[in-house]
Amino acid sequence: MTNSFADYAKAKMIILVGTNITEAHPVAGTFVKDAVLAGAKLIVIDPRRTEMVDFADMFIQLKVGSDVALINALMNVLITENLYDKKYVDSCTEGFEELKKKVMEYTPEKVAKISGISADTIRELARTMASIKPAMLMYTLGITEHICGVNNVMSCANLQMLLGNVGVDCGGVNPQRGQNNVQGACDMGALPNVFPGYQQVANAEARAKFEKAWNVKSLPDKPGMMMPTMMKNLTTGKVKGFYVFGENLANTEPDIKHVEHELQSAEFLVCQDIFPTETTRFAHVILPAAAWSENDGTFASSERRVNRVRTASVPPGDAKPNWWIFKELAKRFGHEWASNSAQEIWDNEVSVLAPSMAGIKYARLEGDGLQWPCPSADHPGTPTLHRGGKFTRGLGMLKAIDYIPPAEVPDKEYPMVLSTGRRLYHYHTRTQTGRCEGINDLLGEETADIAMADAEAMGIENGEKILVKSRRGKVEVKARVTKEVPQGLVWMAFHFREGCANWLTNPVYDPITQTAEYKACAVKIEKLK
Amino acid sequence: MSDTFILNGKETPFKQGQMILDAAKNGGIEIPTLCYLKGSAPTGACRVCCVEVKGARSLVAACSTPVTPGMEVTTDSQAVHTARKLNIELLLSAGKHNCITCEANGDCRLQDLAYFYKITAPRFAESEQRYPTEDVNPLIVRDFSRCILCGRCVQACNEVVVNRAISQGYRGKKSKVVTGGDKAYNDEISECVFCGQCVQVCPVGALTEKKAKGLGRPWETQKIRTTCPYCGVGCQQLLHVKDGKIIKVTAVEDAQPNQGRLCVKGRFAYDFIYSEERLKTPLIREKNGEFREASWDEALDLVATKFKEIIKKDGPDAIAGVSCARSINEDSYQMQKFFRAVIGTNNIDHCART
């Protein structure tokens, strides 16, 4: 996030796009509602009528995957009607002329056909967005989980820069991250192209620094494989050994049947986890790990805040902290690692090697933690990035972007769109929440959410078991007839193995990030005989 | 021009619009409260914060009375103390407040105030119980016999987390905090999302965590601050730990980013760590496909041997790994270091992209 959660309740205008905030980030959602009660304007852009629509001034129920087209049309209006922040664009950004040329192709009338939003509404929305400054934009996986995920993200950034809303309090582009430490895993360099603190592996200087710190002669200079490529290469034989730490890939990845074939193909699969999962079934070795409250350590949240995690209980049986397991493995290759606790790892390695976290030490994390960049011991941390429109790269880059439809669109055989996401009461594949007393009582099984009109047309009752089929597979699941989804849309989650949406989802990926298109594929529903 | 008022005989500054409660606090005088909930519109329901204002017909509630220039406020007169004590005695008689059996014993505002005002015996007869305890929902016990109708839960639900699930229902002696249609929290038509904010703000034992029942008294537990293991907001939690076991979770008040709030998962989904299904020992798959228990040395030696074989035969890029986006930073750091410095590949990723 460019900004902080503390901004939410104080915001003057909030744009929620592709985020079901009250279910996926409930506490963040409460602050959005507080802002509305305090008089803020709220715009909700989503294919589904989420709970936040009850609080919204404008609800834009766009067609699944039409985000780029809609945002281009909004920018078309902002530029045509001279409503954009010219001063900001001139002094803080570059690429305006290319952007202008591109968005001129996206008239509200043309985009109305793509997005299902009328030209008048698009104009009204653009004018509303320009009427209040600053506006804060939040998004979640509705933006990223498309084959054009990167384009969607850049479109959000384009819009906010054009409105002059980046680099100010209560503004910015704010992706809310789905997992407690997905930000931290990125920050720590659990990515194929960067060391901790986003230092490129291709950069010789960065490599020399880490070679010295890690006491090795050389480090690989070529960026590695992203996860979908790794998995694909399990079947080609290019990847022989696969190490899965705390992921339940057999349920979380699109097209489960194929994913299981990939896992099955691993010559040697190591799983390190706290529970047996659908994925550990394929392992050759399973290593039992300490869990959340059994470690001292740190998480980094969406707002780049490094927070402490503290030990409250001991791991069961012989389970060990994950950092210890890696240290012990390294030892078997002749590498003696000095750090012998999470604090030593952070204080003596991470914060020494990552300049953006150089000022973060455990001693400073007793209270509310610190938000990176925090380059020195006396730096207070950074709640808002790009302050004053001064971007990390200098000028903010406006990018001309074209709309592309989802890879698989409805046709005669599979006439409906399946979109997926998360529900309030469970988390991912329920390895954790499924084992908490009371939680399964609140949500005990998966449903396929469908519109009243579709249910009526097919004679489907609420709660009736139906069949949902895609080109990849089929599931039997209860229908939940709801006003949340529009006609033609089926919406599901992947919390339950039975009825998991990922038996159906399409394994196609954004070409840059290799993020899968969980948000759109073609399905059909059938009544069970 | 800075405005002033007279607080216990002393000229004290205040800001326009400020309530007596806040202005007094700035002036160094702490007025006791019960129903007052920071960040919500004051209701003046409990009258525990009553103070004397010169010229007023009766005592006024400090939480909901704005200060005016020159106002003379007395917070510690006999009349004030007598009234506060009476109000507490009335609250005590309005329900069952037998502390021995109450989950909130030791963490109860009413108990604290009764103690402070030296109330030793009930002054009024205890009202009969009108509503049975709601025990059907899986997470929150609603004991109406202990409810003092202070309204904090209603304010928290409507003004803080804005889930709008509960409100003040019925009138007079029949008053009750109700969901829409006066159904259980988990009823189909209830709007409750089990964030438990009502429990967090309940000053007595009317709303308590079901899973924590009978597991430990507040003075027996250690409170450990930590970060929630679910979504990416990073809510700050207090783990209430007794004998090395988490018995309940509450939100850290006044902490960033959650400011005393949690959701259903943050507050109630902590006990997976005690599941009997936890992996407790390394496991190695036998030729017949069955897993058998192994020592750490055996399991780690096997991983190292296999990886060395693969590196020798196919090179380091034939090994790949995904790290965990739920585990701590230090674990991800170690894993990428292991892959880069030890295996010699950049084939390290995690689930951020999926």
Problem - Neighbour cut-off at most 14 other Cβ (10 Å), DSSP loop, chymotrypsin sites (Phe, Trp or Tyr not before Pro), the range B:131-185 - result: B:Tyr170
Handout entry: Cut-off of 10 Å, at most 13 other beta carbons, DSSP loop: longest stretch of chain B lacking such GluC sites (Glu not before Pro)
Key = B:31-127
Problem - Exposure rule at most 10 other beta-carbon atoms within 10 Å, DSSP loop trypsin sites (Lys or Arg not before Pro): chain B longest free segment - result: B:172-286
Exercise for the section: Place +1 on the Cβ of every Lys and Arg and -1 on the Cβ of every Asp and Glu in the range B:1-127, take the dipole about the Cα centre, and give the residue among B:Leu21, B:Ser127, B:Ala45 whose Cα lies farthest towards its positive end. Expected result: B:Ser127
Handout entry: Only Lys, Arg (+1) and Asp, Glu (-1) charged, at Cβ; chain A dipole about Cα centre in debye
Key = 660 debye
Exercise for the section: With θ set to phi - 60°, apply the Karplus curve 6.51 cos²θ - 1.76 cosθ + 1.60 along the range A:13-22 and write out the HN-Hα couplings as whole Hz, x wherever there is a Gly or Pro. Expected result: 9, 10, 10, 9, 10, x, 9, 8, 5, 6
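Average partner chain C-beta neighbours within 10 Å, per residue of B:304-311?
Mean number of neighbouring Cβ atoms from other chains: 5.
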Problem - Given B:Lys38/B:Lys245; A:Lys478/B:Lys183; A:Lys232/A:Lys524; A:Lys222/B:Lys308, the pairs whose alpha carbons are separated by over 23 Å - result: B:Lys38/B:Lys245; A:Lys478/B:Lys183; A:Lys232/A:Lys524
Exercise for the section: Step through the table entries A:Lys412/A:Lys469; A:Lys10/A:Lys33; A:Lys257/B:Lys265, compare each Cα-Cα distance with 21 Å, and write down the pairs that go over it. Expected result: A:Lys257/B:Lys265
Problem - Surface/4 estimate of mean projected area, convex hull on alpha-carbon atoms of the range B:216-278, nm² - result: 4.6 nm²
Practice task
For the protein assembly as shown, give the magnitude of the charge dipole about the Cα centre (Cβ charges: +1 Lys/Arg, -1 Asp/Glu; no others), in debye to the nearest 20.
Solution key: 760 debye
Fill in the blank from the handout: Listed residues B:His81, B:His240, B:His97; largest mean-square fluctuation, Gaussian network over chain B with Cα springs below 10 Å, found at B:His81
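Charges only on Cβ, +1 for Lys and Arg, -1 for Asp and Glu: so what's the dipole of the range A:292-387 about the Cα centre, in debye to the nearest 20?
About 200 debye.
The numbers here are math on the coordinates, done by the rules we state, and not lab data. Keep in mind that this is a model prediction, so the values were computed, not measured. Positions of Cβ are generated from backbone atoms using ideal geometry, with glycine treated the same way; all protein chains shown enter the neighbour counts.
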